[in-house]
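The values are calculated or read from the model by the stated rules, or taken from the named source; none is laboratory data. These numbers come from a predicted model, not from an experiment. FYI the Cβ positions are ideal-geometry reconstructions off the backbone, even for glycines, and counts take in every protein chain you see. Quick note on the areas: whole protein, heavy atoms, side chains included, nothing else; ligands and nucleic acids left out. Shrake-Rupley method; radii C 1.70, N 1.55, O 1.52, S 1.80 Å.
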Amino acid sequence: MSINSFGHLFRVTTWGESHGPALGATVDGCPPGVKIDAADLQHWLDQRKPGQNKYTTQRREADEVEILSGVYEGYSTGTPIQLMIRNTDQRSKDYSEIAEKFRPGHADITYWQKYGIRDPRGGGRSSARETAARVAAGGIARAALGVLAPDLQITGYMVQMGPHGIDRAGFDWNQIDQNPFWTPDPKAAEDWAVYLDGLRKSGSSVGAVIEVTARNVPAGLGAPIYAKLDTDLAAAMMSINAVKGVEIGEGMGAASLTGEDNADEISMGPDGPEYSSNHAGGILGGISTGQEVVVRFAVKPTSSILTTRKTITKSGEDAEIITKGRHDPCVGIRAVPVGEAMMACVILDHILLNRGQIGEELPGKIG
């Protein structure tokens, strides 16, 4: 299997399977001299790890990250940083009954069609467990951003669960880490708890929409054509397991607006250009404007449910399947820190690309 890496100058390669002995990431391109501590990385992994409440899979993984290379006396050396997370709570026997069957909605059938072999234990490489390595790599990116762009803040949150969206009028940044759904709307959190509890008990699942906002992003990041900031952000978010759609700023909603409504009018403020709105999501022509960069992605319902579904076997026979094991009733919950990690990796990558071409100071100052 090729192409397990993403990024240009800040490059991340993930490895490992859901039920193997370990998984991890090789992070190349981190500048030297960045303070990196396993405890700091662990903070982000703890937000993603399973089994924290009844609304996520009950698989119990400590997700403890080990730094094997690239860090000396607490600082990055500029060489590849190797991160490893050991798997400790595999239950491979839960998947023995489906080894010969393909799970509808899962990558089982396409892996088989492409490679002629698949690891049925938890999905193997296609499992969302792979995202633990991304979150660890995102912790490295955040540490570097703390040096290169210290005012930058990246925050992810859930804005929709199934058909139920948040009330934007009640948006409260301080509420995001106060509920199990990472939502800025406390009323939505209460309603979603009842809704998801019913789905969980019935053995079903539901999708979600996650929004990730980066504040205090420098203007000028990105390139006009093949390295657009929004292109790389869309690819990064789309690569997350179960993601089926990505929007930047107004996204699909821009199609229903007029030119007058969609244009973000510009005026000169005391600290530079100011915009009347942010339909563009902080990116114009592939280059950041200095506004908040806003990305949303839609996560499909978890395919592993207890409802009997029709499928086929590897030999082509019709069959029925029930997927047992421990699964997230809404995988979007644990996708929030993954989206944050991907945002951090992409923005750091573009800061490094920009420094390589333009230098540390952006030339196009206004005013």
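What to note about this one:
- For the residue pairs Lys49/Lys228; Lys114/Lys228; Lys49/Lys201; Lys201/Lys324, the alpha carbons lie more than 23 Å apart in Lys49/Lys228; Lys114/Lys228.
- For the range 274-367: accessible area per residue (Å², 1.4 Å): 44 Å²
- Over the range 229-271, accessible surface divided per residue gives 58 Å², non-protein components excluded, 1.4 Å probe.
- Accessible area, probe 1.4 Å, largest first, for residues Lys228, Lys310: Lys310, Lys228
- Taking Arg168, Arg142, Arg134 in turn, the Gaussian network model of the chain (Cα-Cα springs below 10 Å) assigns the largest fluctuation to Arg168.
- For the range 305-312, 3J(HN,Hα) per residue [Karplus equation, 6.51 cos²θ - 1.76 cosθ + 1.60, θ = phi - 60°, Hz, x = Gly/Pro]: 10, 8, 6, 5, 10, 7, 7, 10
- Counting heavy atoms of the protein chains alone, Ser276 has an accessible area of about 80 Å² for a 1.4 Å probe.
- In the chain, the DSSP-assigned H stretches of four residues or longer account for a calculated mean residue ellipticity at 222 nm of -8000 deg cm²/dmol, using -39500 (n - 2.57) per stretch and the full residue count as denominator.
- Taking the chain as a Gaussian network of alpha-carbon nodes connected by springs under 10 Å, the highest mean-square fluctuation of the residues Gln357, Gln42, Gln160 belongs to Gln357.
- Which of Arg103, Arg11 is most accessible, then next, and so on - probe 1.4 Å: Arg11, Arg103
- Acute angle (nearest 10 degrees) that the helix 131-148 long axis makes with the longest principal axis of the chain, alpha-carbon atoms: 10 degrees
- Å² of accessible area per residue within the range 133-181, as computed with a 1.4 Å probe and no ligands counted: 42 Å²
- Carbon/sulfur fraction of accessible area - the chain, other protein chains in place, 1.4 Å, %: 52 percent
- Considering only GluC sites (Glu not before Pro) in DSSP loops that have at most 14 other Cβ atoms within 10 Å, the longest stretch of the chain without any of them is 101-264.
- Most mobile listed residue (Val147, Val293, Val209) in the chain, GNM with C-alpha springs under 10 Å: Val147
- Candidate aspartates and glutamates for bridging to Lys314, where Cα separation is under 18 Å - those fewer than 8 sequence places away on the same chain excluded: Glu97, Glu100, Asp108, Asp119
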